[in-house]
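**Student:** Sharing a structure here in structure tokens format.
The values are calculated or read from the model by the stated rules, or taken from the named source; none is laboratory data. Owing to the predicted nature of the structure, the values given are computational and were not obtained by experimental measurement. Every residue, glycine among them, receives a Cβ derived from its backbone with ideal geometry; neighbour counts consider all protein chains shown. Calculation scope for accessible area: heavy atoms of the full protein, side chains included, ligands and nucleic acids excluded. Shrake-Rupley method; radii C 1.70, N 1.55, O 1.52, S 1.80 Å.
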Amino acid sequence: MINFKIRLAGIILILFFPSCTEKDELTLPVNVDFMISISDNSSGDEYLSFTGGVIGVQKIGFEGKRDAGEDIFFETDPKMNLPQLTFGTYAQPASISDFDIPQGIFNYMKWDINLKKIVIDELNDDDDDGDDDSLYTGLAILGTYSYQSGVSIPIILAIDNAEQFSVRSFDPEGNSTIVLSVEKDYDAVLLLDPGYSFHSISRESIEEAETSDDSGTEVILISSEENEDLYEVLLYRIAQSAKVIVK
């Protein structure tokens with residue numbers, strides 16, 4: 001009878017240990033560097049090119065649903081003083097912040113990015129006293145437009161009335177299922193696609209857009225107060241096409 005109890009206890013321990021190990025493994029943190037960039041000129045329009053932008057981030061939220069283990073949710077403290085960032089193309093992203101996310105197979109990942117108002121040098125006229133709210137924005141995407149006459153001019157999309165972007169995550173092949181393993185570090189790149197967004201707008205519409213005088217230089221400024229019709233279309237398509245690539 002004693003021997004039977006010992007053997008039974010051994011079986012229970014053998015069954016118990018693997019479940020504990022699996023549970024512990026699902027809590028191991030994986031380093032994820034959250035970054036931002038713009039895609040290459042996906043529109044293929046030679047008269048329009050984008051080189052980067054500037055962003056101010058107030059708060060970041062994350063939601064992840066795993067195949068096994070508890071779902072993950074966190075958000076940063078809105079009082080965190082995240083720096084204003086200048087970012088480039090997909091090959092030259094800028095790091096926003098690092099996060100430790102438990103490893104596992106994620107069937108769903110979503111990031112919420114809350115913007116804060118920042119001063120954009122490209123919108124700031126040296127003669128202005130700095131009190132004009134139009135100088136402040138949360139996100140600006142910078143590029144160059146070449147008129148059919150051959151003259152080139154800076155073009156700026158200034159997103160100044162959107163408080164939050166909610167963006168889904170995908171792997172580089174476009175799959176929504178993402179595996180995070182503690183054996184490596186990952187980059188999660190918030191990828192904006194202004195080329196795709198502008199591709200829906202005719203060249204004639206861009207050429208008819210009003211220009212602004214920025215410190216003696218003409219600029220096509222598209223914002224909630226300048227070229228509003230273009231702004232509404234572009235804001236929707238920027239938000240629609242944005243994604244986070246985890247690699």
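**Student:** Does E173 qualify as being without any contact (Cβ under 8 Å) to a residue 60 or more places away in the chain, surrounded by fewer than 17 Cβ atoms within 10 Å (Cβ to Cβ) and closer than 20 Å to E63 by Cβ?
**Tutor:** No; evaluated as a whole, the condition is false for this residue.
**Student:** Still on this model: When you look at E70, is it at pLDDT 90 or above, over 18 Å from A188 (Cα atoms) and outside any strand (DSSP E or B), yes or no?
**Tutor:** yes
**Student:** Could you please find all residues in segment 99-118 being among the hydrophobic types (A, V, I, L, M, F, W, C) and open to solvent by 40 Å² or more (accessible area, probe 1.4 Å)?
**Tutor:** Correct list: I105 only.
**Student:** Give me the pairs: first residue in segment 96-114 and in contact (Cβ under 8 Å) with a residue 12 or more places away in the chain, second residue surrounded by 14 or more Cβ atoms within 10 Å (Cβ to Cβ) and hydroxyl-bearing (S, T, Y), beta-carbon distance under 6 Å, and six or more apart or on different chains, which are they?
**Tutor:** Pairs that qualify, where the first residue is in contact (Cβ under 8 Å) with a residue 12 or more places away in the chain and the partner is surrounded by 14 or more Cβ atoms within 10 Å (Cβ to Cβ) and hydroxyl-bearing (S, T, Y), are M109/S169.
**Student:** For segment 204-225, give me each residue that is in contact with a Leu (Cβ under 9 Å, 6 or more places away or on another chain) and open to solvent by 50 Å² or more (accessible area, probe 1.4 Å).
**Tutor:** Selection gives E210, T211.
**Student:** Which one is nearest to the chain's Cα centre (by Cα) among residues in segment 175-225 that are of a type in the set (F, W, Y) and assigned to a helix (DSSP H, G or I)?
**Tutor:** Looking at residues that are of a type in the set (F, W, Y) and assigned to a helix (DSSP H, G or I), I get Y196.
**Student:** Take segment 185-203 and flag every residue that is open to solvent by 50 Å² or more (accessible area, probe 1.4 Å) and modelled with pLDDT of 95 or more.
**Tutor:** Selection gives D185, D187.
**Student:** To continue, here is another question. Go through segment 131-151 and report how many residues are open to solvent by less than 70 Å² (accessible area, probe 1.4 Å) and either of a type outside the set (S, T, Y) or at pLDDT 90 or above (or both).
**Tutor:** 13
**Student:** Does segment 159-169 include one or more residues that are in a strand (DSSP E or B), over 30 Å from G104 (Cβ atoms), of a type in the set (A, V, I, L, M) and touching a Gly at 6+ places or on another chain (Cβ under 9 Å)?
**Tutor:** So far as segment 159-169 goes, yes, one or more of its residues are in a strand (DSSP E or B), over 30 Å from G104 (Cβ atoms), of a type in the set (A, V, I, L, M) and touching a Gly at 6+ places or on another chain (Cβ under 9 Å).
**Student:** Also: The conditions are (1) surrounded by 13 or more Cβ atoms within 10 Å (Cβ to Cβ); (2) touching a residue at least 60 places away in the same chain (Cβ under 8 Å), and Q164 fails exactly one of them. Which is it?
**Tutor:** (2)
**Student:** Let me ask you something else. What are the pairs with Cβ atoms under 8 angstrom where one residue, in segment 189-215, is among the β-branched types (V, I, T) and the other, located anywhere, is part of a loop (DSSP other than H, G, I, E, B)? Sequence gap at least six, or different chains.
**Tutor:** Sorted first by the residue in segment 189-215, then by its partner, the pairs are V189/Y90; V189/P93; V189/K247.
**Student:** How many residues are crowded, with 19+ Cβ neighbours inside 10 Å and assigned to a strand (DSSP E or B) when one looks only at segment 88-98?
**Tutor:** Qualifying residue count for the region: 1.
**Student:** May I ask you to list pairs of residues, at least six apart or on different chains, whose Cβ atoms are under 6 Å apart, with the first in segment 53-67 being within 22 Å of L157 (Cβ to Cβ) and open to solvent by less than 30 Å² (accessible area, probe 1.4 Å) and the second being in a loop (DSSP other than H, G, I, E, B) and among the aliphatic types (A, V, I, L, M)?
**Tutor:** Taking only residues 6 or more apart or on different chains, the pairs are V54/I120; V57/L82.
**Student:** Turning to a different aspect of this structure: Out of everything in segment 226-238 that is of a type in the set (D, E, K, R) and assigned to a helix (DSSP H, G or I), what residue ends up being surrounded by the most Cβ atoms within 10 Å (Cβ to Cβ)?
**Tutor:** R237
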